[in-house]
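A.B. asks: Here it is, the structure in full.
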Amino acid sequence: MGRKIFISYKYADNDVENITDNPGLWYNCTVRNYVDVIEDTLKDKTDHIYKGESDGEDLSQLQDPTIWEKLKNRIYDSTLTIIMISKGMREKYKAEKHQWIPQEISYSLKEVSRKDKNGNPVTSKTNAIFAVILPDRSGSYSYFTYTQNCCSIGCTTYKSNSNLIFSIMSGNMFNHKNPDTDACNASQTIYHGDCSYMYCVKWSDFVGDMESYIDKAYEIQENQDNYNIQKEIE
């Protein structure tokens, strides 16, 4: 069954690996190029419906309140939010409440009540969500995730509390109410299973098997009562 999918991302961030047909013009590749790949896949290979802004659809000439109303309509009508993590996704000296990505995430997690055409109230459900980590310009993911050599297990670390991402994203990582954990040789906490409501996946893994990661997000959503979900922007 098709799902309605909204993608939240920093359109013009070009600190990403070049996946265009012009490998020498790295600065021409932005996060939007990655979204195009997802949109084309959803359109050509699945019956999912993409609810986000399409390439060539320019909202920049509109006033912010008008843009937000358009975005809210699309988010309200979606059931899954995919967040694209890129190196320049966050404007560090601008309050989160004034940036689009955290607003979009917050709205997609809230249960919003509206009236249908017959005047009856209809309340949206908390969206399923997950994040796709994009490779930086050098093709590396280490700006956000890396494997530590502190023990024989090889712990995978996410920089979930860094100022690279938004607090509403950090708040929905490792937020299972009763997580399955143990300690590695270096006494660091290791999380097992679906420990985050917003789980993360590398682009290199996601691009080859989008359907399974989409299904995983809905599986977690079905068990959302097991998580302390942060819905507000701090």
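The values are calculated or read from the model by the stated rules, or taken from the named source; none is laboratory data. The model shown is predicted, which means the values in this text are computed figures rather than measured ones. Methodologically, a virtual Cβ is constructed for each residue, glycine included, from the backbone with ideal geometry; neighbour enumeration extends over all protein chains shown. The accessibility values were calculated without ligands, DNA or RNA, using every heavy atom of the protein model including side chains. Shrake-Rupley method; radii C 1.70, N 1.55, O 1.52, S 1.80 Å.
A.B. asks: With ILE220, ILE153, ILE229, ILE168 as the choices, which residue is in a loop (DSSP other than H, G, I, E, B) and either modelled with pLDDT of 90 or more or in contact with a Lys or Arg (Cβ under 6 Å, 6 or more places away or on another chain) (or both)?
C.D. replies: Among ILE220, ILE153, ILE229, ILE168, only ILE229 is in a loop (DSSP other than H, G, I, E, B) and either modelled with pLDDT of 90 or more or in contact with a Lys or Arg (Cβ under 6 Å, 6 or more places away or on another chain) (or both).
A.B. asks: Out of GLU211, GLU222, I need the residue that is free of Cβ contacts under 8 Å to residues at least 12 places away in the same chain and more than 15 Å from the chain's Cα centre (by Cα). Which one?
C.D. replies: GLU222
A.B. asks: Suppose we filter region 205-234 for residues that are surrounded by 14 or more Cβ atoms within 10 Å (Cβ to Cβ), closer than 30 Å to VAL16 by Cα and of a type outside the set (Phe, Trp, Tyr); how many remain?
C.D. replies: 11
A.B. asks: Any idea how many residues of region 89-125 are open to solvent by 30 Å² or more (accessible area, probe 1.4 Å) and either within 17 Å of CYS200 (Cα to Cα) or not hydrophobic (A, V, I, L, M, F, W, C) (or both)?
C.D. replies: Residues in region 89-125 being open to solvent by 30 Å² or more (accessible area, probe 1.4 Å) and either within 17 Å of CYS200 (Cα to Cα) or not hydrophobic (A, V, I, L, M, F, W, C) (or both): 22 in total.
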